[in-house]
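Enquirer: So that we are looking at the same thing, I have put the structure below in structure tokens.
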Amino acid sequence: MPAVTADTLSLTKIETPGPDAVSRPVRSVTTAPRGHEGLGFPVRRAFAGVDLSQLDPFLHMDEMGEVDYAPGEPRGTDWHPHRGFETVTYMLDGTFLHQDSHGGGGVITDGATQWMTAGGGILHIETPPEQLVLSGGRFHGIQLWVNLPAAQKMVAPRYQNLEAANVQLLSSADGGALVRLIAGELGGHRGPGATYTPITVAHVTVSAGAQTTLPWPPGFNALAYVLSGAGTLGAERRPVEAGQLAVFGPGDALSLGGSRDRGLDVMVLGGRPLREPVAAYGPFVMNTRAELVQAVDDFQSGRLGRVPEDGLRPFHP
Ligand code: MN
């Protein structure tokens, strides 16, 4: 992804929270363990070890890579189902081709986001294009699972292709932070992604040595996952580095600081908690065990959709 900093662009500035704003403390910092997903691509489990009640309305987040693949190594997922939530894929480096059984699909690359509502059920695949499998290359992205409220778990599937050019670029008032607002609202500005419940998802780059404060809705939870670099988070300026997740306590502002030499690159996300029971099994997230049994049965009976005959397939060199 091209290097862009707030002070190289003339951007709309986010108003700094007023003197009465309470900067949220950091409640916990956890380090994401490494694992593998799909057909074997390396991930970090960003939310591992954190109670769902603190993540709500989010369920799961993987950082894909960052990895420099040799020729022949890039891989993604094969066709698989989902029901009851939304999957969000944000690509910083590398490319995924995406296709689903509901007619959605596209190319996700260079800062683009694919926001897929599985709702009542869908099958999909995310796989690197043949050319990239053959060449190898850098691969870095985020996959986020956003829960749906009980009343909307069975909505019709929806596909939002949010190109990098559609993302709302903003800067902090002092120019020290660049904000790519992907979905929801931040300081009265709105990102392109439509959500079923109030949610804000942003990728924030804090310049080296900068200290910035962003407004944050008091009714939302607040999470920050460090993609690269190092710095500090929260009112107490807690040190964090790449691969760490901070869960913030209550307040109405978020303080972020970039380390003197590297700066800080973070995913910042939050939303109004659903506070509903979560029953999860593999790719299905419902409210009750009976609904999970139904989901498995519906999938096995082909009621979540069928793989198109001429659909994408993983490319094996
Ligand atoms: Mn999936």
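The values are calculated or read from the model by the stated rules, or taken from the named source; none is laboratory data. A quick note: this is a predicted structure, and the numbers were derived from the prediction, not measured. Cβ placement follows ideal geometry from the backbone for every residue including glycine, while neighbour counts extend to all protein chains displayed. Only protein heavy atoms, including side chains, enter the accessible area calculation; ligands, DNA and RNA are left aside. Shrake-Rupley method; radii C 1.70, N 1.55, O 1.52, S 1.80 Å.
Enquirer: Starting from the range 279-304, keep only residues that are over 10 Å from residue 121 (Cα atoms), then list their pairs with residues that are of a type in the set (Lys, Arg) and part of a helix (DSSP H, G or I) whose Cβ atoms are within a distance under 8 Å, requiring at least 6 positions of separation or different chains.
Expert: Taking only residues 6 or more apart or on different chains, the pairs are 279/289.
Enquirer: Okay, next question. Keeping to the range 14-32, report how many residues are modelled with pLDDT of 95 or more and open to solvent by 60 Å² or more (accessible area, probe 1.4 Å).
Expert: Residues flagged as modelled with pLDDT of 95 or more and open to solvent by 60 Å² or more (accessible area, probe 1.4 Å) within the range 14-32 amount to 3.
Conditions tested, residue by residue: (1) modelled with pLDDT of 95 or more; (2) closer than 30 Å to residue 290 by Cα.
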{"site": "133", "(1), (2)": "yes, no"}
{"site": "157", "(1), (2)": "yes, yes"}
{"site": "164", "(1), (2)": "no, no"}
{"site": "173", "(1), (2)": "no, no"}
{"site": "201", "(1), (2)": "yes, no"}
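Enquirer: Looking only at the range 71-89, decide whether some residue is out of contact with any helix residue (DSSP H, G or I) (no Cβ under 8 Å at 6 or more places or on another chain), open to solvent by 40 Å² or more (accessible area, probe 1.4 Å) and under 21 Å from residue 251 (Cα atoms).
Expert: Checked the range 71-89: no residue is out of contact with any helix residue (DSSP H, G or I) (no Cβ under 8 Å at 6 or more places or on another chain), open to solvent by 40 Å² or more (accessible area, probe 1.4 Å) and under 21 Å from residue 251 (Cα atoms).
Enquirer: Given (1) under 28 Å from residue 248 (Cα atoms); (2) in contact with a strand residue (DSSP E or B) (Cβ under 6 Å, 6 or more places away or on another chain), where does residue 273 come up short, assuming only one miss?
Expert: Failing condition for residue 273: (2).
Enquirer: Considering only residues that are charged (D, E, K, R) and under 17 Å from the mean Cα position of the chain (by Cα), look in the range 64-89 and name the one that is nearest to the ligand (Cβ to nearest atom).
Expert: 86
Enquirer: Within the range 28-44, restricting attention to residues that are assigned to a strand (DSSP E or B) and among the small types (Gly, Ala, Ser), which residue is farthest from residue 141 (Cα to Cα)?
Expert: Among those that are assigned to a strand (DSSP E or B) and among the small types (Gly, Ala, Ser), it is 28.
Enquirer: Can you pull out the residues in the range 106-144 that are assigned to a strand (DSSP E or B), within 13 Å of the ligand (Cβ to nearest atom) and either open to solvent by 10 Å² or more (accessible area, probe 1.4 Å) or among the polar types (S, T, N, Q) (or both)?
Expert: Listed by number, the residues that qualify are 114, 117, 123, 127, 143.
Enquirer: To continue, here is another question. Checking residue 59 against (1) more than 16 Å from the ligand (Cβ to nearest atom); (2) closer than 28 Å to residue 275 by Cβ, only one condition comes out false. Which one?
Expert: Residue 59 satisfies every listed condition except (1).
Enquirer: Name the residues in the range 45-63 that are surrounded by fewer than 22 Cβ atoms within 10 Å (Cβ to Cβ) and either in contact (Cβ under 8 Å) with a residue 40 or more places away in the chain or part of a strand (DSSP E or B) (or both), would you?
Expert: Hits for the range 45-63 are 45, 50, 52, 53, 54, 56, 59, 60.
Enquirer: Let me ask you something else. Given the structure, is residue 255 surrounded by fewer than 18 Cβ atoms within 10 Å (Cβ to Cβ) and assigned to a strand (DSSP E or B)?
Expert: no
Enquirer: Any residue at all in the range 286-295 that is at positive phi and open to solvent by 20 Å² or more (accessible area, probe 1.4 Å)?
Expert: no
Enquirer: Another question, if that's okay. When you check residue 169 against the structure, is it open to solvent by 40 Å² or more (accessible area, probe 1.4 Å) and in a strand (DSSP E or B), yes or no?
Expert: When the stated conditions are applied, residue 169 passes them.
Enquirer: Could you grab the pairs with beta carbons closer than 9 Å, sequence gap of 6+ or different chains, first residue in the range 73-88 and farther than 23 Å from residue 203 by Cβ and charged (D, E, K, R), second one near the ligand (Cβ under 10 Å from one of its atoms) and open to solvent by 10 Å² or more (accessible area, probe 1.4 Å)?
Expert: 75/38; 78/38; 83/283
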